[in-house]
Amino acid sequence: MEIELPSPPKVGMVSLGCPKALVDSERILTKLRADGYQMSPDYAGADVVLVNTCGFLDSAKEESLDAIGEAIAENGRVIVTGCMGKEAELIRARFPQVLAITGAAQYEEVVGAVHVAAPIPPSAYLNLVPDAGLKLTPRHYSYLKISEGCNHRCAFCIIPSLRGDLVSRRPDAILREAEKLVAAGTKELLVISQDTSAYGVDLRHASWPWKGGEVRAHMTDLARELGKLGAWVRLHYVYPYPHVDKVVPLMAEGLVLPYLDIPFQHASPRVLKAMKRPANEAKVLERIRSWRAICPDIAIRSTFIVGFPGETEEDFDYLLDWLDEARLDRVGAFRFEPVSGAAANALPGIVPEEVKEERYARFMAKSAAISAAKLAARVGRTLDVIIDAVDEDGGATGRSKADAPEIDGEVHLRDAGHLAQGAIVPVLIEEADEHDLFGVPLPLR
């Protein structure tokens, strides 16, 4: 049975007034688009309409009120922002059905009003971040989106049809946002996108002024500059393009966390070809070995799909053998499910559900055994741990450099009631299981 993905809400915009108001409208729409909303060119297709008003002259106020009235008549769900927001009583007296009124340049307020009026439906297939969302993460870590969309056309994925081709943010804008986050208390920046390795391709890797020099719109250059901000920098959704090799030395230097999140999806060349994914698994193993030679502590996490159409027992055994050799640190798996609109739905060789379940169980057992062995090797070592929570019984929960929030393992600490959330402390690892580490904090070095 195909999964019907929820459609993101659509927002219409009526922008009035001067160029500064137009820039405000652009910023609002940019933020809403980044949050997953689509834009509507007309009233009929919009779930909510924004009217960015002008109040400089009486004639401009009348034009704004006329625009609000038209939007209510044509759509009925209207949020008012801009200069006339200062005259909220006047607006409400004439149009009591207006959903919300905000003032000029109040970007967060108007975006928040849109989220209330037309919430984004949660979907594990569409969202890049955990269900808690960007604004609900603890203060000490923040997600940093560097691009939107994707140029790949993988058979199992419909993201390009939903979000379009790759659109990268300017590197200076990303770095300014990162600086503000770090200044506000962020200790860990989690770099996300649909394809982090492709960052800047659409900008032709052009350079922008930054701190008296220049920075290229390129993953390596961006990672290096982010690493200078003093926070942990964790790279997610990295495709194994050749230039990824140049990021690993930055990890060895300590500028970037020794952590790569690479969605391999499978190892069998035949299945990878059907998925429309790169199919050079032997070369990937060679590169993993070279990465570990440069940065021995590098942690590699990945996700895989089992039961893809046409996957044979031979293909699946190949995947398990590849895992034995790759020895990845963190591994997740999904049973293939047909998503409406995906090219994979038309492929022959549908794998029965019971076979998918059996393969999934074998895959997870294999990955758990590898994880247990790798974590056991850390017992007796001292690792830096970022504290996510402190409990009332004197314990604490944190993560090592090898663990991203929500998706990887944790480090459970005893005798840690004196620690604060967001602190980064040395921890002596005393025990390990299949997924987590256990230890005790040491005095700060």
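In nm, to one decimal, how far is the ALA361 label point from the SER59 one, both placed 7 Å along Cα→Cβ?
Taking the simple label geometry, ALA361 and SER59 are separated by 7.8 nm.
Output ³J(HN,Hα) for the range 227-243: one whole-Hz value per residue in order, computed from phi by the Karplus curve 6.51 cos²θ - 1.76 cosθ + 1.60 with θ = phi - 60°, and x for Gly and Pro.
x, 7, 7, x, 9, 4, 10, 10, 9, 10, 6, 9, 7, x, 5, x, 6
How far apart, in nm, are the 7 Å Cα→Cβ label points at HIS435 and LEU347?
Spacing of the two 7 Å Cα→Cβ label points: 2.8 nm.
What three numbers, in Å, describe the spread of the alpha carbons of the range 176-274 along their principal axes, ordered from the longest?
On the principal axes, the range 176-274 reaches 49, 29, 22 Å in Cα extent.
In Å, the Kirkwood hydrodynamic radius of the range 134-376 over pairs of distinct alpha carbons?
19.2 Å
What are the residues whose amide H is under 5 Å from the amide H of TRP210, where those residues sit 5 or more places off or on another chain and H is modelled from the backbone?
Answer set, sorted by chain and number: VAL215.
Ranked highest first by average number of other Cβ atoms within 10 Å, how do 78-85, 221-228, 176-183 line up?
In descending order of packing, they fall as 78-85, 221-228, 176-183.
Could you pull the Rg and Dmax for the range 334-403, using just the Cα atoms, both in Å?
Spelled out, the Cα radius of gyration and Dmax of the range 334-403 are 19.7, 56 Å.
List the lysines whose alpha-carbon lies under 27 Å from that of LYS273, not counting same-chain residues fewer than 8 positions away?
LYS246, LYS283, LYS356, LYS366
Most mobile of PRO269, PRO96, PRO138 per a Gaussian network model of the chain (Cα springs, under 10 Å)?
Result: PRO96 has the largest fluctuation of those listed.
For the range 382-441, what is the charge dipole size about the Cα centre, in debye to the nearest 20, if Lys and Arg each add +1 at the Cβ and Asp and Glu each add -1 at the Cβ?
The dipole of the range 382-441 has a size of about 320 debye.
Hey, fewest Cβ within 10 Å first, where do ASP317, ASP297, ASP393, ASP403 land in order?
Listing ASP317, ASP297, ASP393, ASP403 from fewest to most nearby Cβ atoms yields ASP393, ASP317, ASP297, ASP403.
Could you point to the residue in SER290, LEU250, SER340 farthest towards the positive end of the range 218-358's charge dipole, with +1 and -1 charges on the Cβ of Lys/Arg and Asp/Glu respectively?
So the residue we want is LEU250.
May I ask for the Rg/Rh ratio of the chain, computed from Cα atoms with Rh as the Kirkwood radius, given to two decimals?
1.02
Using Cα positions and a limit of under 15 Å, work out the aspartates and glutamates in reach of LYS228, with same-chain residues fewer than 8 apart set aside.
ASP172, GLU177, GLU179, GLU188, GLU214, GLU253
With everything on Cα atoms, drop me the angle between helix 58-74 and the longest principal axis of the chain, reported from 0 to 90° to the nearest 10.
The angle comes out near 60 degrees.
Could you tell me how many cubic angstrom of Cα convex hull volume the range 314-445 has per residue?
149 Å³
Take the alpha carbon atoms of the range 382-441, find their radius of gyration, then divide it by 2.2 N^0.38 Å using N residues; give the quotient.
Here the answer is 0.97, to two decimals.
Determine, from the Cβ-Cβ distance of ALA93 and GLU325 and an R0 of 56 Å, the FRET efficiency 1/(1 + (r/R0)^6), rounded to the nearest 0.05.
That pair, ALA93 with GLU325, gives E of 0.20.
List the lysines whose Cα lies under 23 Å from the Cα of LYS10, skipping any in the same chain that are fewer than 8 positions away.
Within the straight-line limit of under 23 Å, LYS10 reaches these lysines: LYS31, LYS135, LYS145.
Dipole of the chain, Cα-centred, from +1 at each Lys and Arg C-beta and -1 at each Asp and Glu C-beta, to the nearest 20 debye?
Computed charge dipole of the chain: roughly 1360 debye.
Per DSSP H run of at least 4 residues, take -39500 (n - 2.57); add these up for the chain, divide by its residues and hand me the 222 nm value, nearest 500 deg cm²/dmol.
Only helices count here, giving -10000 deg cm²/dmol.
Calculate how steeply helix 19-34 sits against the longest principal axis of the alpha-carbon atoms of the chain, using the helix alpha-carbon long axis, and give the answer as 0 to 90 degrees to the nearest 10.
40 degrees
Binned at 5 Å from 0, what are the whole-percent values of the Cα-Cα distance distribution for the range 10-117, short to long?
Bins of 5 Å from zero give 3, 14, 27, 28, 20, 8, 1, 0 percent of pairs.
Using the alpha-carbon atoms, what tilt in degrees (0 to 90, nearest 10) does helix 353-376 show relative to the longest principal axis of the chain?
Roughly 70 degrees, rounded to the nearest 10.
In whole Hz, with x marking every Gly and Pro, tabulate ³J(HN,Hα) for the range 114-120 from phi via Karplus 6.51 cos²θ - 1.76 cosθ + 1.60, θ = phi - 60°.
In residue order, the calculated couplings are 5, 4, 6, 6, 9, x, 6 Hz.
Compare the Cα positions of TYR141, HIS266, PRO309 along the charge dipole of the range 134-376 (+1 at Cβ of Lys, Arg; -1 at Cβ of Asp, Glu; about the Cα centre) and return the one farthest towards the positive end.
TYR141
Just report the Cα centroid separation between the range 69-112 and the range 389-410, whole Å.
Here the two parts' Cα centres lie 43 Å apart.
Could you pull the Cα extents of the range 156-216 along its three principal axes, largest to smallest, in whole Å?
Here the Cα extents, ordered largest to smallest, are 40, 28, 15 Å.
Coordinate-derived values only; no laboratory data. The model shown is predicted, which means the values in this text are computed figures rather than measured ones. Heads up, the Cβs are rebuilt from the backbone with ideal geometry, glycines too, and the neighbour counts pull from every protein chain shown.
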